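The values are calculated or read from the model by the stated rules, or taken from the named source; none is laboratory data. Remember, it's a predicted structure, so these values are computed and weren't measured experimentally. No Cβ is skipped: glycine too gets one built from the backbone with ideal geometry, and neighbour counts run over all protein chains shown. Surface accessibility is based on the protein's heavy atoms, side chains included, excluding ligands, DNA and RNA. Shrake-Rupley method; radii C 1.70, N 1.55, O 1.52, S 1.80 Å.
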Amino acid sequence: MADGSLYVWWCRALACALALVAVDGLLVDITYVETAVAKGAVCLDGSAPAYHLARGSGSGVNSWLVHFEGGGWCNNVTSCLQRKRTRLGSSKEMATQIAFSGILSDTPDYNPDFYNWNKVKVRYCDGSSFTGDVEQIDPTTKLHFRGARIWQAVMEDLLAKGMDKAENALISGCSAGGLTSILHCDRFHDLLPSSARVKCLSDAGFFINEKDVAGVGYIAAFFNDVVATHGSAKNLPSSCTSTLPPGLCFFPQNEVKQTQTPLFILNAAYDSWQVRNILVPGVADPRGTWRSCKHDIDQCSAAQLRVLQGFRDDFLKAVAEQGSSASRGLFINSCFVHCQSETQELWFSSDSPMLGNTTIADAVGDWFFDRSLFQKIDCPYPCDSTCHNRVYDDPSHA
């Protein structure tokens, strides 16, 4: 896979996701954090960071959901230059309104526990899951690697708008945003009142350190390049970087056990992005043997399914190694999908995915409010009839 191909894939996938999100969604205006620019807390192109805020009401006026947008990573100057010309690298390219649905919905029938909270979607324009901080700006590329500064500037802006009085707070995110919610989980907790109930949700953010089908550690090398390019090491949890090379600290399996704040891991065991980009990146399948399988899990051969079952085994092992803390939530289903909290039909609807007759929305709500524990892992594919398995439009594209 070429260095920029993860970025290209994300552009296509996120365009599709935005189309899905628009169904039944509340349109929310963008807020630019102009005061961040003077602090050097800027997107790849030097523009101001941004978020969308829908104010809470009634019983939710002092409750906050801060959700981080996904969108992959850039791992070198070439891929970051490509990215800085898009909404994933510049707030100048972002839509001024986006639709809130799923976990961000303002309708109790669609989002029973969080509908009337202050809901924030933080836009992603740094390419490092909000971990980068390089002081020097190359005069040729004019690239700014400042993701960690963006995180801090956005948090300060939200605290000044009332989050400092939060009684309940949940940081969440999808994919690269789900990784953000793990990497910044304890840091988020430390910003809020000691009396507040504070927890973290990672949706499709539990990326595992798995070799590809050619036996190459592609994703480990990629994450190592991300950390080196963005100067991320100093902003990753020291509980990990004190014992492991910083590139390995981008993998949640090396982070979660040390995380003190309650964390809910929502993930598909056959995560479609991980299958397509970690297990079978394009470079590992030059003859296209996996093309149909990566397009649609129902098209996989028996031999390919055995490889996917092995991936699931390794994924579950990585999760199990984090221990079984009573404060942790788990919803690990056997679907071929990536991100399940932002899309209404997956989060909470009449035919949503379920584990133990419980939707994702109910599982997260029960866990957040301590109504009941939720730690469930699905049986292997193809046993789960509630899955909404993703079928990709372009079977030839990695």
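Among the conditions (1) acidic (Asp, Glu); (2) without any contact (Cβ under 8 Å) to a residue 40 or more places away in the chain; (3) closer than 19 Å to Ala233 by Cβ, Asp133 misses just one, which is (2).
Among residues belonging to the range 303-317 that are within 21 Å of Tyr392 (Cβ to Cβ) and free of Cβ contacts under 8 Å to residues at least 40 places away in the same chain, point out the one that is surrounded by the most Cβ atoms within 10 Å (Cβ to Cβ). My answer is Gln304. Residue-level check: of (1) acidic (Asp, Glu); (2) touching a strand residue (DSSP E or B) at 6+ places or on another chain (Cβ under 7 Å); (3) surrounded by fewer than 21 Cβ atoms within 10 Å (Cβ to Cβ), Glu345 misses just (2).
Taken over the range 64-78, the criterion of being crowded, with 24+ Cβ neighbours inside 10 Å and of a type in the set (S, T, N, Q) is satisfied by Asn75 alone.
The set of residues in the range 92-114 being closer than 15 Å to Ser172 by Cα and open to solvent by 10 Å² or more (accessible area, probe 1.4 Å) consists of Asp113 alone.
Kindly indicate whether Ser232 is at negative phi, of a type in the set (Gly, Ala, Ser), modelled with pLDDT under 95 and open to solvent by less than 60 Å² (accessible area, probe 1.4 Å). Judged against the criteria, Ser232 is not a match. Note on the range 171-197: among residues that are in contact with a Gly (Cβ under 7 Å, 6 or more places away or on another chain) and among the hydroxyl-bearing types (Ser, Thr, Tyr), the one that is nearest to Gly147 (Cα to Cα) is Thr180. Residues in the range 246-273 that are surrounded by 21 or more Cβ atoms within 10 Å (Cβ to Cβ) and of a type in the set (A, V, I, L, M): Val256, Leu263, Ile265, Leu266, Ala268, Ala269.
Can you pull out every residue in the range 318-341 that is of a type in the set (S, T, N, Q) and either in a helix (DSSP H, G or I) or surrounded by fewer than 17 Cβ atoms within 10 Å (Cβ to Cβ) (or both)? Passing the criteria: Ser324, Ser325, Ser327.
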